[in-house]
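Undergrad: If you scroll down you'll find the structure; I have some questions about it.
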Amino acid sequence: MSSAFKNVFKTLIFFGIGFSVLYLVYHNQQIAFEEQCMLDGTDLADCSLWDKLVDDVSNANFGWIAIVVLCFMISNLCRALRWNMLLKPLGVDAKLHNTFGSIMIAYFANLTIPRSGEIIRSVMLSRYEDVEVEKAMGTIVTDRIIDVLSLLIVIGLAFILSFGKMSSYFRENMDLDNTLGRIISFPVLGTLVIVGLATLYIIYRNWNKLISTKIGQKIYKIVSGFADGIKSIKDVENVPTFIFYSIMIWLMYYVMTYLCFLAFAPTANLGLVAGLTVFVFGSLGIVFPSPGGMGSYHYLVGEALGFYGIGGADAFSFANIVFLSINLFCNILFGLIFVIVLPIINKKASNN
């Protein structure tokens, strides 16, 4: 099976997952919408969720959407600047257009195979800057670790500010005690732990033999470069600036969600805390392994908006306004632009 065929196959699988989840969300919302129409005395022939969705998206305030796009690009600029700071300790003085462009291409790649963008991002940078792929990947892992920590902080803040609504949701939708008990008692987990520990012990006992082989040296080089990239954070020159970029990335993400409220009439009166709650749920939806969080983002945003009295159909329209403007329009447009522009810019620079 060729590499190209495998990539197409993986893309189809993930799109299949995304479309399946999105269809289920749409189907359930259509049923709820028809039930509401019957309660309102509206003829079912005039009760189409698709027609409402098209109408809501076309009537969104595109002035606010434009500002949302600007905030998205500011967040990506801050991410590129932060990445440059991680690369600097490795002796790489990367050009901003290369780090920024690689990030935009990575987002575009994530719309095909989730998380493939991280690999694409390191390969693109290695192509245009003097840095090994493994080291670039290490800095990206550090970048993502910081993102995970940032998301946990944001989740904690949202939980504190909207404790009643979020705690009720998790109590109703997740039986944490039983779930944890099933995981701990699950026999396969115990087997995996034993096998993992045994494997580590064998590697430890035979380390010198393994590292002297050709494949062992190759793996060691990859892991070593990877580790160098991760450790670059301890040698960041200006820690306050690094923290500022990190805050700006997530602040812009939050502002994007809140401004989308203003772009859609049913959500225009929601407050700042509602924006934070919806942002957190949407972020968790994007983590799901589907292209750009397709389906999972719509579902969780709908759940969060339900806390604040926004009906299923309106919540579905809002989720699509955000998804179409950022996950599709921005990521596809700017991703394609940099796929074309980066080789041209770097070719001109090499000729000068």
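Undergrad: What is the one condition in (1) in contact with a helix residue (DSSP H, G or I) (Cβ under 9 Å, 6 or more places away or on another chain); (2) under 22 Å from Val236 (Cα atoms) that Ser48 does not satisfy?
TA: For Ser48, the exception is condition (2).
Undergrad: Here's a follow-up. Could you list, in sequence order, the residues of segment 255-266 that are among the hydroxyl-bearing types (Ser, Thr, Tyr) and buried (at least 23 other Cβ atoms within 10 Å of the Cβ)?
TA: Kept after step one, since they are among the hydroxyl-bearing types (Ser, Thr, Tyr), are these residues of segment 255-266: 257-258.
Within segment 255-266, Thr257 is the sole residue that qualifies.
Quick grid of which residues meet (1) touching a helix residue (DSSP H, G or I) at 6+ places or on another chain (Cβ under 7 Å); (2) more than 23 Å from Met104 (Cβ to Cβ); (3) without any contact (Cβ under 8 Å) to a residue 40 or more places away in the chain; (4) not in a helix (DSSP H, G or I):
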| residue | (1), (2), (3), (4) |
| --- | --- |
| His298 | yes, yes, no, no |
| Val301 | yes, yes, yes, no |
| Leu305 | yes, yes, yes, no |
| Gly309 | no, yes, yes, yes |
| Ile326 | yes, no, no, no |
| Leu333 | no, no, yes, no |
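Undergrad: So, one more: Of these, Thr112, Thr99, which one is in a helix (DSSP H, G or I) and hydroxyl-bearing (Ser, Thr, Tyr)? So that I can check it myself, show each step before the final result.
TA: Numbers: Thr112 fails: in a helix (DSSP H, G or I).
Unique residue meeting the criteria: Thr99.
Undergrad: Give the residue that is surrounded by the most Cβ atoms within 10 Å (Cβ to Cβ), with candidates limited to residues of segment 133-176 that are among the acidic types (Asp, Glu) and at pLDDT below 85.
TA: Here is the first cut: in segment 133-176, the ones among the acidic types (Asp, Glu) are 134, 143, 147, 172, 175.
Imposing the further condition that a residue be at pLDDT below 85 reduces the set to 134, 172, 175.
Values: Glu134: 18, Glu172: 8, Asp175: 12.
Taking the candidates together, the pick is Glu134.
Undergrad: Please work out which residue is farthest from the chain's Cα centre (by Cα), limiting yourself to segment 58-94 and to residues that are surrounded by fewer than 16 Cβ atoms within 10 Å (Cβ to Cβ) and closer than 23 Å to Asn346 by Cβ.
TA: The extreme case among them is Gly91.
The values are calculated or read from the model by the stated rules, or taken from the named source; none is laboratory data. Predicted model, so just to flag it, every value in this text is computed and none were measured. Ideal geometry is used to build each Cβ from the backbone, glycine not excepted, and the neighbour counts take in all protein chains shown.
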